[in-house]
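The values are calculated or read from the model by the stated rules, or taken from the named source; none is laboratory data. Please read all numbers here as calculations on a predicted model, not as lab measurements. Heads up, the Cβs are rebuilt from the backbone with ideal geometry, glycines too, and the neighbour counts pull from every protein chain shown. Accessible surface is based on the protein model in full, side chains and every heavy atom, while ligands, DNA and RNA are left aside. Shrake-Rupley method; radii C 1.70, N 1.55, O 1.52, S 1.80 Å.
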Amino acid sequence: MSAETDKDLLQLKKRFLELAEKSYAQNIYTFTGFLSMAEQEALFEAMQKNKSYTFSLSGGGEGCERQMARFGSLEELGYEEPFPVEILKISPLLEKFADNFTHRDFLGAVMNLGIDRSTVGDIFLEGKSAWLYCTQRIAPYICENLNKVRHTNVRCEIVEQGMELPVREPEKISLIVSSERADAVLAKLWQLSRNQSLELFRTKKVYVNGRLCENNSCQLKSGDRVSARGYGRFLYYGALGETRKGRLNVSAGVYR
């Protein structure tokens with residue numbers, strides 16, 4: 001699902017309600033594809049007006065930004081059903097001759113297979129390899145057809161259930177800011193002007209703990225997860241202390 005306009009979001013909300021009603025009426029779990037942050041916000045808005053329906057979110061692993069929604073619950077339906085997510089490992093056939101890939105390289109190679117964006121979740125890099133979350137239905141197709149990333153030949157395989165994945169640790173950095181306001185921290189972290197930082201909030205590109213944040217003066221708290229479309233995401237650790245000039249020394253973990 002790719003929602004870029006108000007009309008798209010309206011249709012998306014209608015689809016969410018159809019899935020929720022189907023789950024309730026047929027006593028089954030129903031699922032969306034992987035949702036972007038904006039699409040997840042549309043889901044929260046739709047369900048806020050229809051609180052009789054239950055849903056949960058999962059991206060397939062810890063720290064995933066793109067999430068799949070599941071309508072229904074154990075309490076309601078009397079049974080459990082896992083999210084239909086597979087994890088794939090994409091690795092070069094000959095690592096020493098492989099290019100140094102970026103997230104965009106892997107995503108581009110996958111999208112070039114002609115599949116829908118909603119079938120693919122997050123992609124995490126590990127050296128010259130990547131871990132990709134996708135729907136169970138599309139996983140065999142990707143494994144069969146994804147054989148090259150840029151100029152490098154790769155193999156793609158489904159990760160066995162229970163296999164321990166590498167832990168994604170953010171890069172810890174310190175910043176000197178005027179306050180713990182979200183706009184101040186974002187501006188310093190990504191070297192933005194005040195106007196550029198404000199524009200992110202005006203254009204609805206900032207999410208705190210998975211929810212849209214339009215209040216640029218929002219005070220960040222330790223443990224907050226912040227995402228800005230087009231820039232990246234970070235985990236806010238909090239203030240470490242004050243400088244002699246009364247500014248704050250804060251710490252954050254940036255996901256590269």
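Pairs are defined by a Cβ separation below 7 Å, a sequence spacing of at least 6 or placement on different chains, a first member in the stretch 228-243 that is at positive phi, and a second member that is open to solvent by less than 80 Å² (accessible area, probe 1.4 Å) and part of a strand (DSSP E or B); the pairs so defined are 232/254; 232/255; 238/250; 238/251; 241/249.
Scanning the stretch 45-56 for any residue that is among the hydrophobic types (A, V, I, L, M, F, W, C) and either open to solvent by 70 Å² or more (accessible area, probe 1.4 Å) or touching a residue at least 40 places away in the same chain (Cβ under 8 Å) (or both) turns up nothing.
Just one of the listed residues (101, 71, 106) is under 30 Å from residue 214 (Cα atoms) and open to solvent by less than 70 Å² (accessible area, probe 1.4 Å), and it is 71.
So which of 191, 161, 196 ends up being open to solvent by 90 Å² or more (accessible area, probe 1.4 Å) and at pLDDT below 95? Please lay out each step first, then the result.
Working: 191 fails: at pLDDT below 95; 196 fails: at pLDDT below 95.
Checking each option against the conditions leaves just 161.
Among the residues of the stretch 206-219, which ones are within 13 Å of the chain's Cα centre (by Cα) and under 18 Å from residue 252 (Cβ atoms)? Across the stretch 206-219, the qualifying residues are 206, 207, 208, 209, 210. Note on the stretch 215-239: residues that are outside any strand (DSSP E or B) and surrounded by 12 or more Cβ atoms within 10 Å (Cβ to Cβ) amount to 8.
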